[in-house]
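*Asks:* One structure follows; several queries about it will come next.
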Amino acid sequence: MQNHVNEAIQTHYTRSDLGEVILAALAKAGKDVDRLTPEDLAPIDQFHIRGRMATLELARAAGLDAAKHVLDVGSGVGGTSRCLAKEFGCRVTGIDLTEEYCRAATMLTDKIGLAHLVDFRQGDATALPFDDQTFDVVWTEHVAMNIPDKTRLYKEMHRVLKPGGTLAIYDVLAGPSGPVLFPVPWARTSDTSFLVQPDELRKLLTEADFTVTDWSDTTQAARTWFVALAEKIQKEGFPPLGFHVLMGADFQAMAQNQGRNLQEGRIVLGQVVAKK
């Protein structure tokens, strides 16, 4: 099943020549593509609800610092990896299922001068291509929704963590009030969406030998953020650079459904820190 799901997920996320598409959008937005800064990439870099704000909140909760080597599971075009490296000075290795995202992530990281701290590899989160006890922190934002075999996912994360290491999670979880409306940014249909409820996630982490040390429900903050985003798009339209560049023409429908899913309690948001 996992191989079939992986193929469907890669189809969902892949855009050919994504790096060139992003550079063209940056140029259209008036950026100098030969002198890019992290701020230039901000509208596309944090492909998850509440963006950079949520990333920094989780990083502080996880106690990141320059001594840490972080594995960013589901690194996408590398925005979170670059943010962590720049803000905390830590070394970050990103891994993503989609080869096109890894290529774009590497190119963008080179252009803003962070290649000495950040690298990317294509790979499967349920079969991580790393030795046991390699990383101080395993990090994942808005990724597990696409992975059916969560038992393997969290056991693999546990395996590659050093003893006493930290697992940092920010994910979309199943809400109490009914099924998700599709399409959404992580899935066009239910075939590639595998949400669990908060108590299920807690059980999975315990079964993988993690100890949960911090759990925050950030759903209300996400709702507030989404309302503001929807109003801005309605008033100004989509900017030259934004998540629609990654997802294509149907991103507007995805965003509308995401807002409804949040408002109607079909999804909730969890920020979780656990220890090995």
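*Asks:* Express the relative contact order of the chain as a whole percentage, based on alpha carbon pairs under 8 Å and six or more residues apart in sequence.
*Replies:* Relative contact order for the chain comes out at 22 percent.
*Asks:* Here's a follow-up. How do Leu114, Leu58 line up, fewest other C-beta atoms within 10 Å first?
*Replies:* Ranking Leu114, Leu58 by Cβ neighbours within 10 Å, fewest first, gives Leu114, Leu58.
*Asks:* Please rank Ser177, Ser193, Ser216, Ser81, fewest neighbouring Cβ atoms within 10 Å first, as an exposure proxy.
*Replies:* In order of increasing Cβ crowding within 10 Å: Ser177, Ser216, Ser193, Ser81.
*Asks:* Hey, another quick one. Mind giving me the FRET efficiency for Thr151 and Lys275? R0 is 25 Å, r the Cβ-Cβ distance, nearest 0.05 is fine. Write out the running numbers ahead of the final one.
*Replies:* Numbers: r = 19 Å, r/R0 = 0.76.
Working from the Cβ atoms, E equals 0.85.
*Asks:* Build a GNM of the chain with springs between Cα atoms under 10 Å: which of Ala85, Ala67, Ala222 gets the top mean-square fluctuation?
*Replies:* Judging by the Gaussian network model, the answer is Ala67.
*Asks:* Excluding Glu207 itself, calculate the net charge of residues whose Cβ lies under 12 Å from the Cβ of Glu207, where each Lys or Arg counts +1 and each Asp or Glu counts -1. Before the final figure, lay out the partial values.
*Replies:* Details: positive: Lys150, Arg152, Lys155, Arg202, Lys203; negative: Glu200, Asp209.
After counting each charged neighbour, the total is +3.
*Asks:* Would you mind checking the pairs Lys68/Lys276; Lys31/Lys232; Lys86/Lys111; Lys86/Lys275 and listing those with alpha carbons more than 18 angstrom apart?
*Replies:* As for pairs spanning more than 18 Å Cα to Cα, those are Lys31/Lys232; Lys86/Lys275.
*Asks:* Let me ask something additional. Taking the alpha-carbon centroid of each part, what is the distance from segment 122-181 to segment 209-276 in angstrom?
*Replies:* Using only Cα atoms, the two centres lie 19 Å from each other.
*Asks:* Another one. Starting at the first residue of segment 149-163, write each ³J(HN,Hα) from the Karplus equation 6.51 cos²θ - 1.76 cosθ + 1.60 with θ = phi - 60°, in whole Hz, x for Gly and Pro.
*Replies:* 8, 6, 4, 5, 4, 6, 5, 5, 4, 4, 4, 7, 7, 5, x
*Asks:* What nm value, rounded to one decimal, do you get for the distance between Thr213 and Asp34 when each label is placed 7 Å out toward the C-beta?
*Replies:* 4.7
*Asks:* Let me ask you something else. Taking 0.36 nm per residue of sequence separation and subtracting the Cα-Cα distance, how much length would be gained by fully extending the chain between Arg223 and Ala253, in nm to one decimal?
*Replies:* The span from Arg223 to Ala253 would gain 9.1 nm if fully extended.
*Asks:* What is the list of residues in segment 149-170 whose amide nitrogen lies under 18 Å from a point 7 angstrom out from the Cα of Ser190, following Cα to Cβ?
*Replies:* 149
*Asks:* Going by how many other beta carbons lie within 10 Å of each one, how would you line up Ile169, Ile95, fewest first?
*Replies:* Ile95, Ile169
*Asks:* Measuring from label point to label point, each 7 Å out along Cα→Cβ, what is the Ala66 to Gln263 span in nm?
*Replies:* 4.6
*Asks:* Tell me what the chain gives for mean residue ellipticity at 222 nm when only DSSP H runs of n ≥ 4 count, each as -39,500 (n - 2.57), the sum divided by the residue total, rounded to 500 deg cm²/dmol.
*Replies:* Result for the chain, helices only: -13500 deg cm²/dmol.
*Asks:* What is the list of residues in segment 49-76 whose amide nitrogen lies under 13 Å from a point 7 angstrom out from the Cα of Lys235, following Cα to Cβ?
*Replies:* Zone members listed by number: none at all.
Computed from the coordinates by the stated procedures, all read-outs in this text should not be read as laboratory data. Here the structure is a predicted model, which is why all the values come from computation and not from measurement. As a convention, Cβ positions derive from the backbone with ideal geometry for all residues, glycine included, and neighbour counts pool all protein chains shown.
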